[in-house]
Structures are given as C-alpha cells and as structure tokens.
Amino acid sequence: EGLVVAVTGGDINTTASGSGDAGTVTITADSVTVFGGSIASSSITTGDGGSVGIGADRITVSNGGEISASTRDGQGGQVNLNTDLLEVEGGGLVRAETSGAGAGGQVNVFDDGEADNQGLMVTLVDVGEITAGTSGNGNGGQVTITAEAVTLTGSSAIASISEATGNG
C-alpha cells in the first residue's frame, strides 16, 4: 500500500503575512483526502498567491474541505492537480483567487500520465466547486480541466468569476 495523506479538520499550508508572495505546497502520494481541512498557499496582504501542486491517483475534497492558492491584494495563485480521479463533494472547494484588485489565479486538473489506461474522471457532488476568480476589481482566473469525463450534480459548479468590475 502506498502513501496516503489525510487532512481531517487540519491544515497543510504556507502563508506570507508581509508584502512577499506566498510559497509552494507540493504533495505526492497515492491518495490525498481533505475532509473539512485545507491544503493552501496564501498571502494575507499584498503579495501574490502561491502554488499548490498535488500528484495522486485519487484526490478527494469533502465536508467543506479546501485546496486553494489565494491572496488578499495580489494576483491569485495556482493549483495544479495531477490525478486519475478528482472528487469534490459536500461543499468541498478547489480555488485560486484574490479578494483585491489582482486577477484570479489558475486551477489546472489533468491526468497523471501513468500508463494505467485510466483517463481522468472529475466528479463534483453536493455543492462541490472548482473556481478561479476575484471578489475585487480584477479579471476572473482560469480553470483548465483535461479529462475523460466531468460530472456535476447537486448545485456544483466550475467557474471563472469576477464579482466586481473585471471580466469573468
């Protein structure tokens, strides 16, 4: 059995609290589960959002759990998920965003590239969301998913969002 990373109500993160950019979180495992906790890279002031990269056969984000790269006033960060199966459910969230004037970040979801003949499957259930955006004046970000199948049910969403004057 391979490495399993489970975040249950806790956090794995890097945070910049000054004017610098947020750092990088990189995880490689067979399975990653975020249940009510978070894996994040964030800047809580003027720096740019950081980067979160996860490579795993299966990634599950549930029960309000979150994988994110964000900032308050800089450019949104980047989330890269390299997997065979991504499940975002029960209010789970994958996001790259800013709440200030910067542009939203990037969320990239792609097949792990292993020779297992299994294409990427993405499932969002019960208000699961994948978003790249801003609640400030910048432009929305970019969500790129390269998958064999994407399924959304129960008010789930995949979106690039600008909630103020920028383009979505």
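The values are calculated or read from the model by the stated rules, or taken from the named source; none is laboratory data. Keep in mind that this is a model prediction, so the values were computed, not measured. Every residue, glycine among them, receives a Cβ derived from its backbone with ideal geometry; neighbour counts consider all protein chains shown. Surface areas here come from the heavy atoms of the whole protein model, side chains and all, with no ligands, DNA or RNA. Shrake-Rupley method; radii C 1.70, N 1.55, O 1.52, S 1.80 Å.
Table for the structure above
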| item | result |
| --- | --- |
| Percent carbon-and-sulfur accessible area, the range 45-168, ignoring ligands, DNA and RNA, probe 1.4 Å | 42 |
| The range 91-142 - accessible surface per residue (Å², probe 1.4 Å) | 38 |
| Local electrostatic count, residue 136, Cβ distance below 10 Å [Lys/Arg +1, Asp/Glu -1] | -2 |
| Mean-position separation - Cα centroids, the range 82-106 and the range 27-49, in angstrom | 10 |
| Cβ-Cβ FRET estimate between residue 3 and residue 165, R0 fixed at 35 Å, reported to 0.05 | 0.20 |
